[in-house]
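Read the structure below first, then the notes.
The values are calculated or read from the model by the stated rules, or taken from the named source; none is laboratory data. Small disclaimer: the values here were computed from a predicted structure and weren't measured. Cβ sites come from the backbone with ideal geometry, for glycine too, and all protein chains shown count toward neighbours.
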Amino acid sequence: MIVGNLLLSTNANKQNLMKNKSLISITDYSKEDYLKLIEIAEEFEKNPKQQLLKGYVIASLFFEPSTRTRLSFESAINRLGGRIVGFTDASSSSVKKGESLKDTILTVSNYSDLIVMRHPIEGSARYASEVAPVPVVNAGDGANQHPTQCLLDLYSIKKTQGTLDNLNIALVGDLKYGRTVHSLMMAMAHFNPTFNFISPESLRMPQGYKNHLDNEGIKYYEHDVLEDAIPHADIIYMTRVQKERFSDPIEYEKVKNAYVLRNAMLDETKDNLRILHPLPRVNEIHEDVDSNPKAYYFEQALNGVFMRQAILTSILGLK
Ligand code: CP
């Protein structure tokens with residue numbers, strides 16, 4: 001009986017771990033949290049129009065441009081019956097008059113139950129979460145982390161592969177500045193993957209992330225040539241070279257078209273291969289790939305709505 005009570009209490013604690021907790025880095029959540037959120041997102045995919053956020057106000061503060069992250073959050077909130085306040089351009093806010101991030105966050109906390117924030121400075125989301133009395137969800141902080149993208153990527157991988165375990169994952173493009181690949185690599189490291197990192201020399205996966213894989217005993221291989229990693233891949237995750245993070249435009253010009261995935265390159269690939277991209281794309285996936293059944297990036301963007309419904313309702317303790 002005591003054991004039964006302990007088990008019940010442990011399960012209840014596990015279920016509440018996300019409640020009121022900011023989501024800043026994918027490492028703030030455990031493997032069990034990822035799997036729980038995937039289950040909840042599956043429920044929302046079956047029934048997206050649940051009025052769970054009725055009476056709630058979510059702030060959406062985008063200090064950097066966005067299409068998918070902002071609009072899929074807005075779609076998720078609207079489908080759940082919540083309301084949104086915020087801005088899509090910091091120059092229309094009092095930041096333009098010199099207001100600090102701290103003062104902006106403290107003020108917006110008065111008007112909302114949760115803040116979704118994208119900001120160009122690495123660490124800004126963590127800082128916001130430390131001053132805000134309401135939970136903060138990081139919608140991308142510079143080249144650092146993009147945890148909600150990562151969770152929808154996990155959802156997309158699970159949905160297309162039937163599992164997250166033991167997959168061969170090729171991460172391609174800007175592995176230095178691409179925050180989505182940093183988050184995804186850290187999360188997938190829980191599931192015994194084999195990674196292939198394909199990038200120009202100057203855009204390699206940062207050493208700190210590779211040290212983490214070494215410590216965890218995860219296999220990874222670095223390549224210059226995209227074709228080397230394609231035949232064995234279950235997932236090819238393409239990324240855009242992040243022009244806005246380069247201090248020297250000449251360096252960007254040297255690498256901007258380093259990799260272009262074309263339909264003809266997919267002939268000898270595995271049947272279960274799916275091509276993901278957080279989008280937006282520039283040139284790195286040729287449009288002739290779009291009609292290939294292995295292209296999955298637009299469905300991936302749709303999955304963002306269900307996963308963001310799962311994240312918001314879990315943090316607000318509604319699921
Ligand atoms: N994937 C992603 O973050 O896209 P947006 O920049 O359009 O939000």
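Sort out which residues of the stretch 44-92 are of a type in the set (D, E, K, R) and free of Cβ contacts under 8 Å to residues at least 60 places away in the same chain, and write them in order of number.
K46, K49, K54, E74, R83, D89
Among the residues that make up the stretch 54-62, is at least one of them modelled with pLDDT of 95 or more, over 21 Å from G317 (Cβ atoms) and surrounded by 12 or more Cβ atoms within 10 Å (Cβ to Cβ)?
Yes, the stretch 54-62 contains a residue that is modelled with pLDDT of 95 or more, over 21 Å from G317 (Cβ atoms) and surrounded by 12 or more Cβ atoms within 10 Å (Cβ to Cβ).
Please return the ranges of strands (runs of 3 or more DSSP E) entirely within the stretch 187-253 where 1 or more residues are farther than 22 Å from P120 by Cβ and in contact with a Phe, Trp or Tyr (Cβ under 6 Å, 6 or more places away or on another chain).
Because the criterion is at least 1 residues that are farther than 22 Å from P120 by Cβ and in contact with a Phe, Trp or Tyr (Cβ under 6 Å, 6 or more places away or on another chain), the strands (runs of 3 or more DSSP E) in the stretch 187-253 that meet it are 194-198, 219-223.
I'd like the residue in the stretch 245-279 that is within 16 Å of the ligand (Cβ to nearest atom) and modelled with pLDDT of 95 or more and, out of all such residues, is farthest from D174 (Cα to Cα).
Only one residue fits best here, namely I275.
For the stretch 59-80, give me the residue count where each residue is within 16 Å of the ligand (Cβ to nearest atom) and more than 11 Å from Q309 (Cα to Cα).
Here the count works out to 12.
Within the stretch 285-319, work out how many residues are assigned to a loop (DSSP other than H, G, I, E, B) and either touching a Cys at 6+ places or on another chain (Cβ under 8 Å) or buried (at least 21 other Cβ atoms within 10 Å of the Cβ) (or both).
3
Within the stretch 235-255, can you find the residues that are over 29 Å from Y155 (Cα atoms) and either of a type outside the set (A, V, I, L, M) or more than 25 Å from the chain's Cα centre (by Cα) (or both)?
F246, S247, D248, P249, I250, E251, Y252, E253, K254
Counting only residues that are within 14 Å of the ligand (Cβ to nearest atom) and surrounded by fewer than 24 Cβ atoms within 10 Å (Cβ to Cβ), how many does the stretch 157-179 have?
Qualifying residue count, the stretch 157-179: 1.
From the set of residues in the stretch 81-99 that are within 14 Å of I58 (Cα to Cα) and aliphatic (A, V, I, L, M), which is surrounded by the most Cβ atoms within 10 Å (Cβ to Cβ)?
Of everything passing the filter in the stretch 81-99, I84 is surrounded by the most Cβ atoms within 10 Å (Cβ to Cβ).
Of S66, S129, which residue is modelled with pLDDT of 95 or more, in a loop (DSSP other than H, G, I, E, B) and closer than 19 Å to L23 by Cα?
Criteria check complete, one pass: S66.
Just to check your reading of the model, which residue among F197, F191 is more than 28 Å from R262 (Cα to Cα) and surrounded by 18 or more Cβ atoms within 10 Å (Cβ to Cβ)?
F191
Name the pairs whose Cβ atoms lie under 6 Å apart, with the first residue in the stretch 175-188 and of a type in the set (K, R), the second away from the ligand (no atom under 12 Å from the Cβ), and 6 or more positions between them or separate chains?
Final answer for the pair search is K176/L203; R179/A143; R179/N144.
Please verify whether I105 is buried (at least 22 other Cβ atoms within 10 Å of the Cβ), more than 16 Å from the ligand (Cβ to nearest atom) and not polar (S, T, N, Q), treating the condition exactly as stated.
Against the criterion (buried (at least 22 other Cβ atoms within 10 Å of the Cβ), more than 16 Å from the ligand (Cβ to nearest atom) and not polar (S, T, N, Q)), I105 qualifies.
I'm checking my understanding of the structure. Among residues of the stretch 280-319 that are among the small types (G, A, S) and farther than 23 Å from Q50 by Cβ, which one is farthest from the ligand (Cβ to nearest atom)?
Out of the qualifying residues, it is S291.
Say we look at the stretch 108-119 and pick out the residues that are within 16 Å of the ligand (Cβ to nearest atom) and not β-branched (V, I, T); which of these is farthest from Q309 (Cα to Cα)?
H119
Among the residues of the stretch 223-241, is any aliphatic (A, V, I, L, M), over 20 Å from N303 (Cα atoms) and in contact with a Pro (Cβ under 8 Å, 6 or more places away or on another chain)?
Checked the stretch 223-241: no residue is aliphatic (A, V, I, L, M), over 20 Å from N303 (Cα atoms) and in contact with a Pro (Cβ under 8 Å, 6 or more places away or on another chain).
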